[in-house]
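Chemist: The structure follows.
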Amino acid sequence: MTTKQQIIDYFDSTIKNYDKAVSMNKKVLGNTPVIKGTRIPISLIIACFRDGMTLDEISNTYNVTIENIETAMNFVIQLLDFPFQ
């Protein structure tokens, strides 16, 4: 059984792996994970995919690179794969 502390530790280590692309700061959207250097939440990127937007549409709408979007998605995938890793 996975404990709450294991989940927190895993989240913290995942953030460290993505520290060049994803940031969390209490002063920026209350510590919500965002694309580094922006106020674009990772959750917004997921919502855009849910709503059927393409990579190019997201990139153009929010002025982020496709690489930023792909990194954000990889971040989410890594978090969701826990505890299966």
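Chemist: Restricted to the stretch 30-56, and to residues that are open to solvent by 60 Å² or more (accessible area, probe 1.4 Å), part of a loop (DSSP other than H, G, I, E, B) and more than 17 Å from LEU79 (Cβ to Cβ), which residue is modelled with the lowest pLDDT?
Modeler: GLY37
Chemist: In addition: I'm checking my understanding of the structure. Among residues of the stretch 62-77 that are open to solvent by less than 40 Å² (accessible area, probe 1.4 Å) and in a helix (DSSP H, G or I), which one is modelled with the highest pLDDT?
Modeler: Only one residue fits best here, namely ILE69.
Chemist: For the stretch 18-29: of the residues being farther than 21 Å from GLN78 by Cα and in contact with a strand residue (DSSP E or B) (Cβ under 8 Å, 6 or more places away or on another chain), which is least open to solvent (accessible area, probe 1.4 Å)?
Modeler: Within the stretch 18-29, the match that is least open to solvent (accessible area, probe 1.4 Å) is VAL28.
Chemist: Kindly indicate whether any position in the stretch 14-29 is in a helix (DSSP H, G or I) and among the acidic types (Asp, Glu).
Modeler: The answer is no; no qualifying residue exists.
Chemist: Pick from LYS36, LYS20, LYS16: which is touching a Ser or Thr at 6+ places or on another chain (Cβ under 7 Å) and among the charged types (D, E, K, R)?
Modeler: Of the residues listed, the single one that is touching a Ser or Thr at 6+ places or on another chain (Cβ under 7 Å) and among the charged types (D, E, K, R) is LYS36.
The values are calculated or read from the model by the stated rules, or taken from the named source; none is laboratory data. Just so we're clear, the structure is a prediction, and the values are computed from it rather than from any experiment. As a convention, Cβ positions derive from the backbone with ideal geometry for all residues, glycine included, and neighbour counts pool all protein chains shown. These area figures cover heavy atoms from the full protein model, side chains too; ligands, DNA and RNA do not enter into them. Shrake-Rupley method; radii C 1.70, N 1.55, O 1.52, S 1.80 Å.
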